[in-house]
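Asker: Pasting in a structure now, in structure tokens, and then I'll have a few things to ask.
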Amino acid sequence: MLVIHYYFRMGLTHNRIAIKTGWKWTKVNSIIRNIRRAASGQQANGKMRCGKRGRPKKNADNNSESI
């Protein structure tokens, strides 16, 4: 939340955020990068989200073999 507030709302640089929070600037930079990736629909590691999400549907063939 701090990074979102300071960087995206207040417009502070990653160096200023690092000084205020006591974190290393590389950590702040990676958090900003991951937020930007998630906002564009990617995973945090940069890969696109793909595939179906949620519980798999039951197979219709398995229901008829119960008896």
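The values are calculated or read from the model by the stated rules, or taken from the named source; none is laboratory data. Predicted model only: the values in this text are computed from it and were never measured. Neighbour counts are summed over all protein chains in view; Cβ atoms, including those assigned to glycine, are modelled from backbone coordinates with ideal geometry.
Asker: Within region 21-40, can one find any residue that is of a type in the set (Val, Ile, Thr) and modelled with pLDDT under 85? Lay out the reasoning, then the answer.
Answerer: Filtering region 21-40 for residues of a type in the set (Val, Ile, Thr) gives 21, 26, 28, 31-32, 35.
Subset that is modelled with pLDDT under 85: none.
Taking every residue of region 21-40 in turn, none turns out to be of a type in the set (Val, Ile, Thr) and modelled with pLDDT under 85.
Asker: Here's another thing I want to ask about it. Restricting to region 37-53, what's the tally of residues that are at negative phi and loosely packed, with under 12 Cβ neighbours inside 10 Å? Explain how you work it out, then say what you get.
Answerer: So the first thing to find is which residues in region 37-53 are at negative phi, and the list is 37-40, 42-45, 47-50, 52-53.
Then keep just the ones that are loosely packed, with under 12 Cβ neighbours inside 10 Å; that gives 39-40, 45, 47-50, 52-53.
Residues in region 37-53 being at negative phi and loosely packed, with under 12 Cβ neighbours inside 10 Å: 9 in total.
Asker: Among the residues of region 3-18, is there at least one that is among the basic types (Lys, Arg), over 27 Å from Arg53 (Cα atoms) and either modelled with pLDDT of 90 or more or under 17 Å from the mean Cα position of the chain (by Cα) (or both)?
Answerer: Of all residues in region 3-18, those among the basic types (Lys, Arg) come to 9, 16.
Narrowing further to those that are over 27 Å from Arg53 (Cα atoms): 9, 16.
Still in the running and either modelled with pLDDT of 90 or more or under 17 Å from the mean Cα position of the chain (by Cα) (or both): 9, 16.
Looking through region 3-18, at least one residue is among the basic types (Lys, Arg), over 27 Å from Arg53 (Cα atoms) and either modelled with pLDDT of 90 or more or under 17 Å from the mean Cα position of the chain (by Cα) (or both).
Asker: Tell me which residues, restricted to region 6-34, are in a helix (DSSP H, G or I) and hydroxyl-bearing (Ser, Thr, Tyr). Let's see the steps before the verdict.
Answerer: The initial filter retains those residues of region 6-34 that are in a helix (DSSP H, G or I), namely 6-9, 14-21, 25-34.
Of everything in region 6-34, those that are in a helix (DSSP H, G or I) and hydroxyl-bearing (Ser, Thr, Tyr) turn out to be Tyr6, Tyr7, Thr21, Thr26, Ser30.
Asker: For the subset of region 45-67 comprising residues that are of a type outside the set (D, E, K, R), in a loop (DSSP other than H, G, I, E, B) and modelled with pLDDT of 70 or more, which member is farthest from Ser30 (Cα to Cα)? Explain how you work it out, then say what you get.
Answerer: Here is the first cut: in region 45-67, the residues of a type outside the set (D, E, K, R) are 45-46, 48, 50-51, 54, 56, 59-60, 62-64, 66-67.
From what's left, in a loop (DSSP other than H, G, I, E, B): 45-46, 50-51, 54, 56, 59, 66-67.
Applying the additional criterion that residues be modelled with pLDDT of 70 or more yields 45-46, 50, 54, 56, 59.
Values: Asn45: 10, Gly46: 12, Cys50: 23, Gly54: 28, Pro56: 33, Asn59: 42 Å.
Among them, the one singled out is Asn59.
Asker: Hey, could you check region 16-31 for residues that are surrounded by 11 or more Cβ atoms within 10 Å (Cβ to Cβ) and either among the polar types (S, T, N, Q) or touching a Gly at 6+ places or on another chain (Cβ under 8 Å) (or both) and say which is nearest to Ala44 (Cα to Cα)?
Answerer: Ser30
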